[in-house]
Amino acid sequence: MLAKAKERDEDALVLVITAYGSLESAEEAVTKGAFDFITKPFRKEQILLAIDKAMRWREMVRQNKEMKQRLEGT
């Protein structure tokens, strides 16, 4: 499912949530492009923090691209 999401949109920030997490599966998910890996049971705060982190990352990437375009345009 992660591969399909990244295939459809390589910039997608995917949060993997699983009940059967291990260090190996977390490493594999992140290597394949997952933004974060959360295991069940989880607290609501964990999800909210992961979403906040993803939104901040997206904004930072947007700003970085904008600044790069400005520099290249000069």
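The values are calculated or read from the model by the stated rules, or taken from the named source; none is laboratory data. Since the model is a prediction, treat every value here as computed from it, not as a measurement. Here Cβ is always computed from backbone atoms with ideal geometry, including for glycine, and neighbour counts include all displayed protein chains. For the accessible areas, the whole protein counts, side chains as well, though only heavy atoms, and no ligand, DNA or RNA atoms are used. Shrake-Rupley method; radii C 1.70, N 1.55, O 1.52, S 1.80 Å.
Listed values, structure above:
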quantity: GluC sites (Glu not before Pro) restricted to the chain and DSSP loop, no more than 16 other C-beta within 10 Å; calculated: 10
quantity: Computed magnitude of the charge dipole of the chain (debye, nearest 20; Cβ of K, R +1, Cβ of D, E -1); calculated: 220
quantity: FRET efficiency, residue 43 to residue 6 (Cβ-Cβ, R0 35 Å, nearest 0.05); calculated: 0.80
quantity: Using θ = phi - 60° and Karplus 6.51 cos²θ - 1.76 cosθ + 1.60, couplings along segment 53-61 (whole Hz; Gly, Pro as x); calculated: 4, 5, 5, 5, 4, 4, 5, 5, 5
quantity: Virtual spin-label span in nm between residue 19 and residue 70, 7 Å along Cα→Cβ; calculated: 4.9
quantity: Whole-number accessible area per residue in Å² for the chain, which is evaluated in the context of all protein chains at 1.4 Å; calculated: 86
quantity: At most 16 other Cβ within 10 Å, DSSP loop - trypsin sites (Lys or Arg not before Pro), the chain; calculated: 32, 43
quantity: Loop chymotrypsin sites (Phe, Trp or Tyr not before Pro), the chain (other Cβ atoms within 10 Å of the site Cβ: 15 or fewer; DSSP); calculated: 20, 42
quantity: Placed amide H near residue 12: partners under 5 Å, 5+ positions off or other chain; calculated: none
quantity: Carbon plus sulfur fraction of accessible area for the chain, probe 1.4 Å, in percent; calculated: 57
quantity: Computed [θ] at 222 nm, deg cm²/dmol, the chain (DSSP H ≥ 4; -39,500 (n - 2.57); rounded to nearest 500); calculated: -20500 deg cm²/dmol
